[in-house]
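Asker: Please see the structure below; I have some questions.
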Amino acid sequence: MPDFYNLDALSKVAVTLFNGWGYNFYRVENQLRADDLLIRAKIGWLLGRAQASVEAAEAAYRREFLPPPSRAKPYPDAASVAGAQALERLGKAIMVLEGQIRAQPVPENDRMTQLYRREAETLARLFVTDQKLAGQAELLREMLAGKEGAWMIANAAEAGEGLKAMGATLVERQAVLFSQ
């Protein structure tokens, strides 16, 4: 009869299972891989918050500057339409970047990677780029949080620069993955 409370026996069974599955959660590489996934999920959350700020500002901007048509003014002001479209493009650009970050690969946990590539070193280098991405995402979120649409339109170049910097960091991250 198995002893479900004997820690020594249970740990032997667990380690045997984990090794048979090719996984040992106490290996540094697996911790780094899990950290990479967690960090990128949090970066996605930060970008989601930034996009939500843009979306809220766009809705308020449209309510204020694009009223329903009337007999006196059947067509909206072209500058107001352009501003609303700029906010919409900014929100979409943030979400595209968020999708690219979530879709980034990590080194596979297979024997070839373990034998011929420096997996732990690669994951540690990925952590550095992910750390940079997290900082950039937080700065973007802080910059856009609680701002009005008119402010975002006036400072669109700054937001664009933040997105451009994050795109460059993604290129660095891909270079780390493919130079292993």
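The numbers here are math on the coordinates, done by the rules we state, and not lab data. Keep in mind it's a predicted model, so treat the numbers as computed, not measured. Here the Cβ is made from the backbone with ideal geometry for all residues, glycine too, and neighbour counts use every protein chain on show.
Asker: Which net charge results for the neighbourhood of Thr129, defined as the other residues with beta-carbon distances under 9 angstrom from its beta-carbon, given Lys and Arg at +1 and Asp and Glu at -1?
Answerer: Computed value for this residue: +1.
Asker: Quick check: pseudo-label points 7 Å beyond the Cα along Cα→Cβ at Ala175 and Tyr75, how many nm apart are they?
Answerer: With each label placed 7 Å out from Cα toward Cβ, I get 4.9 nm.
Asker: May I ask you to order 170-179, 35-44 by the average number of other C-beta atoms within 10 Å around their residues, highest value first?
Answerer: 35-44, 170-179
Asker: Net charge within 13 Å of Ile39 by Cβ-Cβ distance, Lys/Arg positive one each and Asp/Glu negative one each, not counting Ile39 itself?
Answerer: +2
Asker: Next question. Quick one: pull the percentage of alpha-carbon pairs in segment 28-178 with a separation above 23 Å.
Answerer: Tail of the P(r) past 23 Å holds 46 percent of the pairs.
Asker: Using the Karplus curve 6.51 cos²θ - 1.76 cosθ + 1.60 with θ = phi - 60°, what ³J(HN,Hα) values do you get for each residue of segment 41-58, in whole Hz, with x for Gly and Pro?
Answerer: For segment 41-58, the Karplus-derived couplings read 5, 5, 4, x, 5, 4, 5, x, 5, 5, 5, 5, 5, 5, 4, 5, 5, 5 Hz, x marking Gly and Pro.
Asker: With a point put 7 Å past each Cα toward its Cβ, work out how far Ala34 is from Ala52 in nm, to one decimal.
Answerer: About 2.7 nm separates the two model spin labels.
Asker: Now a separate question. Which net charge results for the neighbourhood of Leu139, defined as the other residues with beta-carbon distances under 12 angstrom from its beta-carbon, given Lys and Arg at +1 and Asp and Glu at -1?
Answerer: Within the 12 Å Cβ shell, the charges total -2.
Asker: On to the next question. In nm, what is the difference between 0.36 nm times the number of residues separating Val13 and Glu138 and their Cα-Cα distance?
Answerer: Full extension from Val13 to Glu138 adds 40.7 nm.
Asker: With θ set to phi - 60° and the Karplus curve 6.51 cos²θ - 1.76 cosθ + 1.60, what are the ³J(HN,Hα) couplings of segment 126-138 in order, to the nearest whole Hz, using x for Gly and Pro?
Answerer: Once rounded to whole Hz, the list reads 5, 4, 5, 5, 5, 5, 5, 4, 4, x, 5, 5, 5.
Asker: Could you order the peptides 131-139, 67-75 from most to least packed, using the average number of other C-beta atoms within 10 Å per residue?
Answerer: 131-139, 67-75
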